[in-house]
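First the structure, in the form of structure tokens, and then the observations on it.
The values are calculated or read from the model by the stated rules, or taken from the named source; none is laboratory data. Please read these numbers as outputs of a predicted model, since none were measured by experiment. Every residue, glycine among them, receives a Cβ derived from its backbone with ideal geometry; neighbour counts consider all protein chains shown. Just so you know, the surface numbers come from the protein's heavy atoms only, side chains and all, with ligands and any DNA or RNA stripped out. Shrake-Rupley method; radii C 1.70, N 1.55, O 1.52, S 1.80 Å.
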Amino acid sequence: EREVAVTQLGKSYGKTFTSYGISLVDQTSIMEAAKIMSEAHCVIGPDTGLMHLAACTDAKIICGYTIIDPKVMDVRNHIAIVPDEDVCRFCQSTKYWHNHDYNKCKIGTKECVMSLTANKFIKEISKI
């Protein structure tokens, strides 16, 4: 087995969350985050600005997609985790993208987010 060190990056936006490993949430600049991710074996997270920044490095990426179909992305070293086929997903890649507030679920269920389970990410981590 491999030893794993977890470092959390990003913004909390005032929300409280459970920290695992080293939390650098709200403590790094964009340049510092890029440096940390460039030295990581793997970067894991949802499709956010940090994942786009990680794509500029040589780190392997495991990214969860909800509103964008990963087929429209051109990301190297990346594994896509997608919502189950039987739930609403990829609304920004479909007819719903006009006049859509992406801070709110179009149908109110957040099914796409809820179907991105930790087990899906863990399964892909074990392949790296």
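For segment 37-57, which positions are touching a residue at least 24 places away in the same chain (Cβ under 8 Å) and touching a Ser or Thr at 6+ places or on another chain (Cβ under 6 Å)?
Result: M37, single match.
For segment 5-57, which positions are open to solvent by less than 90 Å² (accessible area, probe 1.4 Å) and assigned to a helix (DSSP H, G or I)?
Passing the criteria: A33, A34, I36, M37, S38, G49, L50, M51, L53, A54.
What pairs can you find where one residue is in segment 10-32 and over 18 Å from T48 (Cα atoms) and modelled with pLDDT under 90, the other is assigned to a loop (DSSP other than H, G, I, E, B) and not acidic (D, E), and their Cβ atoms are less than 6 Å apart, with a gap of 6+ or different chains?
Sorted first by the residue in segment 10-32, then by its partner, the pairs are Y20/V6; G21/V6.
Between I81, I67, I61, which is closer than 24 Å to K104 by Cα, in contact with a strand residue (DSSP E or B) (Cβ under 6 Å, 6 or more places away or on another chain), crowded, with 18+ Cβ neighbours inside 10 Å and of a type in the set (V, I, T)?
On the way: I67 fails: in contact with a strand residue (DSSP E or B) (Cβ under 6 Å, 6 or more places away or on another chain); I61 fails: closer than 24 Å to K104 by Cα.
From the options I81, I67, I61, the qualifying one is I81.
What do you reckon, is I79 modelled with pLDDT of 90 or more, under 30 Å from A5 (Cα atoms) and in a strand (DSSP E or B)? Full working, then the answer.
Details: modelled with pLDDT of 90 or more: no; under 30 Å from A5 (Cα atoms): yes; in a strand (DSSP E or B): yes.
Answer is no for this residue.
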